[in-house]
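> Before we start, here is the structure in question, set down as structure tokens.
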Amino acid sequence: MSVNTATGPGAGAAVGQGANEGRSGNEDQDWVERAAGAPRLLFVENRAREGDRAGEPDGFRSDAVTQVLMGNSVVLFLVQEGVVLAVPGRDTDIDRFQREGGLLAADRFSLEEHGLAEDALRRGTRITGMDEVAGWILDPSVRVLWH
């Protein structure tokens with residue numbers, strides 16, 4: 001079995017496959033260029049609340065922040081309930097994640113299920129589909145953490 005390593009976060013070949021409609025090519029290229037570098041980490045977040053029990057902090061998103069602060073290239077992909085975190089002001093860890101240079105992506109289908117339009121999302125959020133995410137997951141140079 002061969003794996004196409006040109007489809008991971010940071011590979012130019014994937015730009016047009018899951019890019020936001022209405023985005024300029026320069027914005028997509030910037031997103032891809034910022035995702036380049038090794039090691040590359042893909043954090044997949046499917047939860048929207050802070051921890052499993054009331055009062056328990058969620059360490060998953062803070063781990064993504066820590067990895068960015070350590071100089072790693074990190075993409076945080078929001079899916080299912082997690083897409084509500086793409087709304088500005090919804091999560092302080094994601095605020096810091098983006099401020100420090102982490103890249104935020106959200107699943108197009110999940111956004112539609114939750115009635116979230118592109119203009120309601122945080123600036124810099126890449127709307128993508130599972131076809132592109134599958135390429136990221138199959139890229140041997142990408143380490144995946146799923147919450």
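No lab work stands behind these numbers, since they all come straight from the coordinates. All of these numbers come straight from a predicted model, not from anything done at the bench. Because the Cβ atoms are built from the backbone with ideal geometry, glycine has one as well, and the counts that use them run over all protein chains shown.
> May I ask you to evaluate 6.51 cos²θ - 1.76 cosθ + 1.60, the Karplus curve with θ = phi - 60°, for each residue of the range 73-87 and list the ³J(HN,Hα) values in order in whole Hz, giving x for glycine and proline?
These are the phi-based 3J(HN,Hα) values: 7, 10, 10, 9, 9, 9, 9, 6, 4, x, 5, 5, 6, 6, 7 Hz.
> Separate question: How much length, in nm to one decimal, is gained on full extension between PHE109 and ARG96, taken as 0.36 nm per residue of separation minus their Cα-Cα distance?
Working: separation 13, 0.36 × 13 = 4.68 nm, distance 2.55 nm.
Using 0.36 nm per residue and subtracting the Cα-Cα distance, I get 2.1 nm.
> Could you go through the range 120-136 in sequence order and give the Karplus-derived ³J(HN,Hα) for each residue, using 6.51 cos²θ - 1.76 cosθ + 1.60 with θ = phi - 60°, rounded to whole Hz, and x for Gly and Pro?
Result, rounded to whole Hz: 8, 9, 4, 4, x, 6, 8, 8, 9, x, 5, 5, 5, 4, 4, x, 4.
> Loop only per DSSP, at most 16 neighbouring Cβ atoms within 10 Å: give me the trypsin sites (Lys or Arg not before Pro) in the range 109-147, ordered by residue number. Each step should come with its number before you reach the end.
Values: sites: ARG122, ARG123, ARG126, ARG143; in loops: ARG122, ARG123.
In loop regions of the range 109-147 (DSSP not H, G, I, E or B), the sparsely surrounded trypsin sites (Lys or Arg not before Pro) are ARG123.
> List the residues whose amide H sits under 5 Å from the amide H of PHE77, counting only those 5 or more places along or on another chain, with H placed 1.01 Å from N in the peptide plane.
For PHE77, the qualifying residues are PHE43, VAL44, GLU45, ALA105.
> For the range 51-147, just say rounded, prolate or oblate: build the C-alpha gyration tensor, square-root its eigenvalues into a ≥ b ≥ c, call rounded for a/c under 1.5, and beyond that prolate if a/b exceeds b/c, oblate if not. Spell out each step's value before the answer.
On the way: a/c = 1.38, a/b = 1.03, b/c = 1.35.
Verdict is rounded for the range 51-147.
> Residue by residue, what Karplus-based ³J(HN,Hα) values in Hz, rounded to whole numbers, does the range 139-147 have, using 6.51, -1.76 and 1.60 with θ = phi - 60° and x for Gly and Pro?
5, x, 8, 10, 9, 10, 10, 10, 9
> Pulled fully out, how much extra length does the chain show between ASP131 and HIS147, if you take 0.36 nm times their separation in residues and subtract their Cα-Cα distance?
Working: separation 16, 0.36 × 16 = 5.76 nm, distance 1.93 nm.
Fully extending the segment from ASP131 to HIS147 adds 3.8 nm.
> Same structure again: Amide H neighbours of VAL144 under 5 Å, counting only residues 5+ apart in sequence or on other chains, H built in-plane at 1.01 Å?
Excluding prolines and chain starts, which carry no amide H, the hits are LEU42.
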